[in-house]
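Below is one structure, written out as structure tokens, with a few remarks after it.
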Amino acid sequence: MELTPPIEMSGSYPPLLEEVARLGGLPEVRAAFDWFRSQEAQFVEWQMEAARIAAPPFGEAARGAWLADRFCDLGLSDVQTDKVGNVFGVHPGYGRRSVALSAHIDTVFPASTPLNIRQQGSRLYGPGVSDNGAGIAAMLAVASAIRTARIPHALPFVFIGNVGEEGEGDLRGMRHVFATPRWRDSIAYSVIVDGAGSDTVVAEALGSRRFEVIVRGPGGHSWSDFGTPSPIIVLSRAIEAFSQTPVPVSPKTTLNVGVIRGGTSVNSIPESASMRVDLRSTSMAEIDRLEHALRVAVERAIEAENRASAGHGVRKPQVVQSEVVAIGNRPAGELAVDARILKVIRAVDAQLGNTAQVQRASTDANIPLSLGREAVAVGGGGLGGGAHTLQEWFDCNGRDLGLRRILLTMLTLAGVGE
Ligand SMILES: [Zn+2]
């Protein structure tokens, strides 16, 4: 997950505050809160076990199988793994709609990464231990508390360990969940746990679209084939034009040419050159506009280079061509200002005396948010750092605040009878 600066929010919701306070005082809920404090050693064990199983993008099967076993141990019903590798377990309630709690199980680390997961005092260290070991542990902690404390929630809970959140996974796991009629038609609210912390709520999905632009030409000798069209010159012209595309400050929109490659040697006219481009915005319309500008810039650069080459009187007409390949697509979206899920989590934060900022980020929540569904992404409590590095760490202190926050949010969304 990637964060950007907070969004200002205001307002309180007295009836919801009362409901959250009532739920927080129920004996079953208090028992669950006690469970969160007494079972910390178990949560650490789950977190370390999960982090010790490699789960690179497209290689999450072993960690998924481990998670399915944990769901079975916890007595969840209907435990199943779908064809892309998402793992589901249900805690039954009443009614057709449900509340989903999900955590991505993939990491950014290739399968060959040494997973030296270790504990020193309250700290856990190692790749993936926080992102998303903390999310997986939180999901299991909440499932275990609900079952142990026998909390009679109304709407069913669906627990999901999903694949493909990171990098080239491109949200494929969550995309598949919301393309499957059973889940798409039943999940009313999605609470997504990504990483550590209790101080944020992601309610806006930062969209991104990524492209590889490849330009190919005949190539040749720098002296004897002079005038042959050059892919590197085409790319340069395209970058010059595209980088001048105006972008609005609000909705915040960005463009980046992050990688360029190409050429053979200093005395060769290159046969190919490529660049990788990243477009981001909270508005899909802005991303569409930037994509159009990119394509126009490349086409015009090609035309200009081919015209220039023809003017050189190169013997046989030789041309450069381009290909624009989509290498990533994360849809943008945001919660409606009156979304219930946001009011609920703010009331929960008020009840717990927790301070949290509403943020915009790219997470699994992009998928439900882009479909107009209610979804938020939060942390699994504790503290974490060094995400996506081998020095990643998680500190268990304060984990129970994050767990109480998630549980109260889910119970308020689902409803709990008097
Ligand atoms: Zn993550």
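The values are calculated or read from the model by the stated rules, or taken from the named source; none is laboratory data. None of the values given here were measured: they were computed from a predicted structure. Every residue, glycine as well, gets a Cβ built from its backbone with ideal geometry; the counts of neighbours run over all protein chains shown.
If you scan segment 174-208, which residues turn out to be touching a Phe, Trp or Tyr at 6+ places or on another chain (Cβ under 8 Å) and over 12 Å from Leu371 (Cβ atoms)? Ala196 - this is the single residue of segment 174-208 that is touching a Phe, Trp or Tyr at 6+ places or on another chain (Cβ under 8 Å) and over 12 Å from Leu371 (Cβ atoms).
The set of residues in segment 95-114 being of a type in the set (A, V, I, L, M) and part of a loop (DSSP other than H, G, I, E, B) consists of Ile105, Val108, Ala111.
Residue count for segment 163-211, restricted to those that are more than 13 Å from the chain's Cα centre (by Cα), charged (D, E, K, R) and assigned to a strand (DSSP E or B): 2.
Only a single item in (1) over 13 Å from Phe109 (Cβ atoms); (2) within 16 Å of the ligand (Cβ to nearest atom); (3) touching an Asp or Glu at 6+ places or on another chain (Cβ under 8 Å); (4) not hydroxyl-bearing (Ser, Thr, Tyr) is not met by Ala149, and it is number (2). Among the residues making up segment 173-192, those that are within 17 Å of Pro331 (Cα to Cα) and touching a strand residue (DSSP E or B) at 6+ places or on another chain (Cβ under 9 Å) are Gly173, Met174, His176, Val177, Phe178, Ser190, Ile192. From the list Phe33, Phe58, the lone residue that is under 25 Å from Cys396 (Cβ atoms) and at pLDDT 95 or above is Phe33. For first residues located in segment 362-379 and assigned to a loop (DSSP other than H, G, I, E, B), partners that are hydroxyl-bearing (Ser, Thr, Tyr) and away from the ligand (no atom under 14 Å from the Cβ) and lie 6+ apart or on another chain with Cβ distances below 9 Å form the pairs Asp364/Ser190; Ala365/Ser190; Arg373/Tyr189; Arg373/Ser190; Gly379/Ser198.
If only residues of segment 350-361 that are part of a helix (DSSP H, G or I) and among the aliphatic types (A, V, I, L, M) are counted, the one that is nearest to the ligand (Cβ to nearest atom) is Leu352. Scanning segment 363-379 for residues that are among the polar types (S, T, N, Q) and buried (at least 24 other Cβ atoms within 10 Å of the Cβ), we see that the one that is farthest from Ala339 (Cα to Cα) is Thr363.
In segment 275-286, the count of residues that are touching a residue at least 12 places away in the same chain (Cβ under 8 Å) and in a helix (DSSP H, G or I) is one or more.
Does Ala205 fit the bill of being under 30 Å from Asp395 (Cα atoms), modelled with pLDDT under 95, touching a Leu at 6+ places or on another chain (Cβ under 8 Å) and within 16 Å of the ligand (Cβ to nearest atom)?
So Ala205 passes the test.
Please work out which residue is farthest from Leu294 (Cα to Cα), limiting yourself to segment 259-274 and to residues that are free of Cβ contacts under 8 Å to residues at least 40 places away in the same chain and part of a loop (DSSP other than H, G, I, E, B). Looking at residues that are free of Cβ contacts under 8 Å to residues at least 40 places away in the same chain and part of a loop (DSSP other than H, G, I, E, B), I get Ser265.
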